[in-house]
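The values are calculated or read from the model by the stated rules, or taken from the named source; none is laboratory data. Here the structure is a predicted model, which is why all the values come from computation and not from measurement. Virtual Cβ from ideal backbone geometry, glycine too; neighbours counted across all protein chains shown.
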Amino acid sequence: MPDLHFPENARQRLAVTSYPFRAFILSPENKSSDAQKQMMDLKDFPAFVVKEFGVYNINPLTSHFRSTDARYCDEFREAVSKAGSHMVDLGLGGRPFYDPDEAKRKDAVAYGKQGIDIAVIVQSPSVRQHVSGRKGLKPDVGLAVESLGQLAEYGSKRNIIVNLENDSPVAEDPFFLVEIIERVNSPYLRALPDFGNSLVGHDREFNERAVKAMFKHAYGIAHVKDTVLSHDGKVYSVDLESMFKIAKAGGYRGYFSMEYDTGSGDPLQGTKNLVEKSLKYLT
């Protein structure tokens, strides 16, 4: 069984994900980097978060690592420690866990296992595993349960939790993910509630139901955002007060990772505002 011990102090419960700062991060796999900006290696990210936000927990993506070989991962872990920071989750990319092609599902599981191995090296207690689909393919709970059940079993052997996030409106529909989690029924397969993603294509009532359902299965991490920009350019506003109330009512004791939506402006100031708002609702 996972046995993480979470802080009670409000600021110590905050984290920052690297995703809003993707334009500033130099990595071969990061397609969003912008050479016109002042770039940083991900090893600089922990100290950057401490300096700019006074936050000592991070939630980076593997696609932002300059390399995922053991040497770089060791260097990254040392940089986290030197900054006085901690890993609270490691974000992995999307893979087709319910594709009817068995070979693709096997590749997805293998990818997830690789991510878990990286999490062990960098001392992250969990990974966020995205689930991807493809156009015209209906999500299949049975196949997803089979694949993600294998990944959760591997996570249990390495003491790494696998989190599923309500991100893609179809492949990661919150109620679809909850059904997978409940059917796998493993303490190593959990939910990562995102405060705003389920607003896209829906309304506030749906988002609240979605977040409540996700928090019933959350353990260590949730993503905080106050706005969401859809692919068609529509901006959705998140009721942060309601989201924090839902988390508290659900008995959630884990971390809240700031994930400012860069479609709404500058990630530096946006993240500072999110930190201030989060502290207000947690104290």
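You will find that of S186, S198, S168, S156, the residue that is out of contact with any strand residue (DSSP E or B) (no Cβ under 7 Å at 6 or more places or on another chain), among the polar types (S, T, N, Q) and within 17 Å of G93 (Cα to Cα) is S168 and no other. Residue check: A23 meets all listed conditions (1) in contact (Cβ under 8 Å) with a residue 12 or more places away in the chain; (2) in contact with a Lys or Arg (Cβ under 7 Å, 6 or more places away or on another chain); (3) buried (at least 16 other Cβ atoms within 10 Å of the Cβ) but one, namely (3). Filtering Y260, Y255, Y219 for residues that are under 25 Å from S32 (Cβ atoms) and in contact with a strand residue (DSSP E or B) (Cβ under 7 Å, 6 or more places away or on another chain) leaves a single hit, Y255.
When the test is whether a residue is under 30 Å from L229 (Cβ atoms), at pLDDT 95 or above, among the β-branched types (V, I, T) and in a helix (DSSP H, G or I), I58 does not pass it. Can you confirm whether V170 is within 15 Å of Q129 (Cα to Cα) and surrounded by fewer than 21 Cβ atoms within 10 Å (Cβ to Cβ)? So V170 does not fit the description; no. For region 223-264, the candidate set comprises residues that are in a strand (DSSP E or B) and among the aromatic types (F, W, Y); within that set, the residue that is modelled with the lowest pLDDT is Y236.
Among the residues of region 215-270, those identified as among the β-branched types (V, I, T) and closer than 20 Å to T283 by Cβ are I221, V224, V238, I246.
Which one of R13, R66 is charged (D, E, K, R), crowded, with 17+ Cβ neighbours inside 10 Å and within 21 Å of Y219 (Cα to Cα)?
R13
Close contacts from region 236-265, counting a first residue that is in contact (Cβ under 8 Å) with a residue 60 or more places away in the chain and a second that is small (G, A, S) and surrounded by fewer than 16 Cβ atoms within 10 Å (Cβ to Cβ), with Cβ to Cβ under 9 Å and a gap of 6+ residues or different chains, come to T262/A23. Within region 26-46, residues that are under 12 Å from V80 (Cα atoms) and free of Cβ contacts under 8 Å to residues at least 40 places away in the same chain sit with their Cβ atoms under 7 Å from residues that are among the basic types (K, R) and in a loop (DSSP other than H, G, I, E, B), at 6+ positions apart or across chains, in these pairs: L42/R66. Listed conditions (1) within 29 Å of A152 (Cα to Cα); (2) touching a residue at least 40 places away in the same chain (Cβ under 8 Å) are all met by A213, apart from (2). Of all the numbered requirements in (1) in contact (Cβ under 8 Å) with a residue 40 or more places away in the chain; (2) more than 15 Å from V55 (Cβ to Cβ); (3) β-branched (V, I, T), T227 misses one, and that requirement is (1).
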